Amino acid sequence: MVDLGPYADFHFLRPLWLLILVPVFLLWIMIRFGSSPERRWRRIIAPHLLTHLKVGGEQRWRFRPLHLILLLMIFGAAGAAGPAWQREASPFAEDTAPLVIALDLSISMNAIDIQPTRLERAKQKIRDLVSLRTGARTALITYAGSAHTVLPLSNDPALFETFLSALSTSVMPVTGKDPSKALDLAEEILSSDPVPGSILFLTDGIAKPHIPAFVAQGERTHNNVLVLAVGTKQGGPIRIDEQTFHADAKGRRVVAKLDVDGLDLLESRTGAFVASVTIDDADVDRIQRQIQSHLQKVRQEDETARWQDQGYWLVFPVALLGLLWFRKGWTVKWQLAMAVFTLGACSPSGFDDGHFVDLWLTANQQGRWQLEQGNYSAAAERFQDPRWKGVSHYRDGNFEEAVNWLVQIDTPEAAYNLGNAYAKLGNYSEAVASYKVALEKRPDWIEAAENLTLVEQLLASCRGRPA
């Protein structure tokens with residue numbers, strides 16, 4: 001089966017516009033078989049004589065105005081039909097995915113096959129990754145025989161430096177290596193976030209008995225699991241302090257090796273991304289790309305998100321074909337009407353401000369163009385639709401105006417967005433009321449329920465704060 005990649009979901013939003021291709025095909029038949037001079041003479045001259053009366057051989061094919069009209073109609077129909085293959089992200093969604101880092105603090109992380117130790121190298125990779133995720137929310141947990149939250153979701157890199165320097169294998173209350181407990185704790189942290197996230201394990205191995213827990217996690221959530229393997233196949237002795245190494249009952253040094261078999265099994269059974277630690281930043285860059293690509297993949301699978309209309313791209317071939325009308329002798333009288341129809345159907349988005357753009361785009365289409373370009377203030381001025389006007393003001397940071405427009409709409413989406421705007425303004429009581437309205441209209445809306453819980457907690461904390 002052919003893998004179409006990002007175009008696997010290609011379809012038309014308004015397929016009835018493709019019916020225009022029926023008269024296009026009929027017109028092509030008429031041009032192809034009805035305009036031949038030889039066909040007209042066959043009605044007067046016998047075919048066996050006509051062959052000997054022809055001069056100049058076969059007539060060369062010429063590109064004529066009617067052919068141009070056919071191409072314009074084809075591109076216009078395709079543009080009006082609304083080709084789409086990817087979904088639009090919610091205007092209120094975060095652009096960066098949350099991440100929970102699970103750091104292995106079992107005793108094997110003190111092995112020195114990676115200098116200075118596996119644990120110190122893992123800490124450095126965490127610092128590099130957090131600095132790369134500017135403004136993104138990241139949490140840190142540690143685990144050995146038990147799992148514990150060190151830092152909840154935060155976008156402050158300075159906090160990580162404070163906590164990382166104090167972490168060692170000796171701080172864990174229970175010895176061992178149980179990644180399934182860290183997985184459950186990470187899922188609990190991400191459950192309160194409406195954006196799908198990722199869980200990154202920095203460890204030297206995940207034993208086979210724990211693989212079923214990861215398989216079950218992949219079946220019940222959209223959160224992604226990644227592993228940055230810290231260690232080598234050859235392994236190394238486990239350092240206790242500068243002079244002492246971990247030894248067995250016979251006094252021999254214990255060599256801890258990277259659990260390659262367990263990591264390979266995890267990757268094959270769950271599809272988890274597994275990478276090995278490198279001396280440069282290549283491993284961290286790969287991890288960050290995986291986190292963001294997972295977020296985009298989950299968004300594309302969200303059936304509640306709108307499809308992105310790509311029909312406006314067809315305005316470019318239409319414009320190029322339209323230049324051919326300046327050729328001398330091309331005198332089809334209705335070419336201007338065809339050009340207007342085609343440009344209007346394709347909904348171009350590349351015009352400057354001014355009265356001319358009003359000939360081709362509605363106010364809402366102009367607003368949509370400005371919104372996609374990041375010109376939120378200009379988009380708010382052009383939109384006439386209250387919902388998108390409110391979205392533009394929200395994106396522009398003008399939450400008061402966003403409230404004024406969103407409050408006019410009686411839909412669950414508007415109530416949800418209104419709750420977000422109230423929350424940004426710190427009006428938690430109004431936000432709670434708006435989220436409840438959204439849930440009344442759509443009871444199974446998980447994001448609205450999660451936001452409601454979060455805002456209720458904030459409201460409770462504010463009420464309990466001393467004046």
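The phi-based Karplus calculation (6.51 cos²θ - 1.76 cosθ + 1.60; θ = phi - 60°) puts the 3J(HN,Hα) values of the range 437-448 at 4, 4, 6, 5, 7, 9, x, 9, 7, 5, 4, 5 Hz, whole numbers, x for Gly and Pro.
Report the charge-dipole magnitude of the range 352-463 in Debye, nearest 20, computed about the Cα centre from +1 at each Lys and Arg Cβ and -1 at each Asp and Glu Cβ.
Working: 10 positive and 17 negative charges, 52 e Å.
So the dipole magnitude of the range 352-463 works out to roughly 260 debye.
Can I get the semi-axes of the range 365-422's equivalent ellipsoid? Compute them from the C-alpha gyration tensor as square roots of 5 times the eigenvalues, in angstrom, largest first. Present the calculation step by step, with values, prior to reporting the outcome.
Numbers: eigenvalues 65, 26, 14 Å².
Equivalent ellipsoid of the range 365-422: 18, 11, 8 Å, largest first.
Neighbour counts of C-beta atoms inside 10 Å place VAL254, VAL455 in the sequence VAL254, VAL455, starting with the fewest. Sorting the segments 437-448, 410-421, 101-112 by their mean number of nearby beta carbons within 10 angstrom, highest to lowest, gives 101-112, 410-421, 437-448. Of the residues TRP369, TRP313, the one with the fewest other Cβ atoms within 10 Å heads the list, and the complete ranking is TRP313, TRP369.
Using θ = phi - 60° in the Karplus curve 6.51 cos²θ - 1.76 cosθ + 1.60, the 3J(HN,Hα) couplings for the range 240-257 round to 9, 8, 4, 10, 10, 10, 5, 10, 8, 5, 8, x, 8, 5, 8, 9, 9, 10 Hz; x is entered for Gly and Pro. Proximity of backbone amide H atoms, modeled 1.01 Å from N, is registered between SER276 and ALA229 at under 5 Å, excluding neighbours fewer than 5 places apart on the same chain.
Report the FRET efficiency, 1/(1 + (r/R0)^6), for GLN308 and ILE279, where r is their Cβ-Cβ distance and R0 is 56 Å, rounded to 0.05.
Values: r = 41 Å, r/R0 = 0.73.
Efficiency, rounded to the nearest 0.05: 0.85.
Set the bar at 29 Å for Cα to Cα. Now go through LYS177/LYS233; LYS125/LYS250; LYS125/LYS181; LYS389/LYS441 and name every pair that lies beyond it. Long pairs (Cα-Cα over 29 Å): LYS125/LYS250. Under 5 Å from the amide H of ASN224 lie the amide H atoms of GLY197, SER198, ILE199, each residue being 5 or more positions distant or on a separate chain, with H modelled from the backbone and absent for Pro and chain starts. The amide H of SER154, built 1.01 Å from its N in the peptide plane, has THR138, ALA139 as neighbours under 5 Å, considering only residues 5 or more places off or on other chains.
For the range 99-300, the extents of the C-alpha atoms along the principal axes are 56, 36, 32 Å, listed from largest to smallest. Can you tell me what percent of all Cα-Cα pairs in the range 235-277 are more than 14 Å apart? Result: 61 percent of Cα pairs exceed 14 Å. Footprinting exposure proxy ranking of HIS67, HIS393, fewest other C-beta atoms within 10 angstrom first, gives HIS67, HIS393.
In the range 352-463, the convex hull through the Cα atoms has an average projected area of 7.4 nm², a quarter of its surface area.
Relative to the present Cα-Cα distance, how much length would full extension add between ALA166 and ARG442 at 0.36 nm per residue of separation?
Details: separation 276, 0.36 × 276 = 99.36 nm, distance 4.65 nm.
Contour length minus Cα-Cα distance gives 94.7 nm.
Under the simplified labelling scheme, the LEU13-GLN124 pair shows an inter-label distance of 5.0 nm, with each label point 7 Å from Cα along Cα→Cβ. Applied to the range 279-287, the Karplus parametrisation 6.51 cos²θ - 1.76 cosθ + 1.60 on θ = phi - 60° returns per-residue 3J(HN,Hα) values of 7, 10, 8, 4, 5, 5, 4, 5, 4 Hz, with x for Gly and Pro.
Bear in mind that the values in this text are calculations on the coordinates, not laboratory data. Worth saying up front: this structure is predicted, and the values here are computed from it rather than measured. A quick note on method: Cβ atoms are made from the backbone with ideal geometry, for glycine too, and the neighbour counts reach across all protein chains shown.
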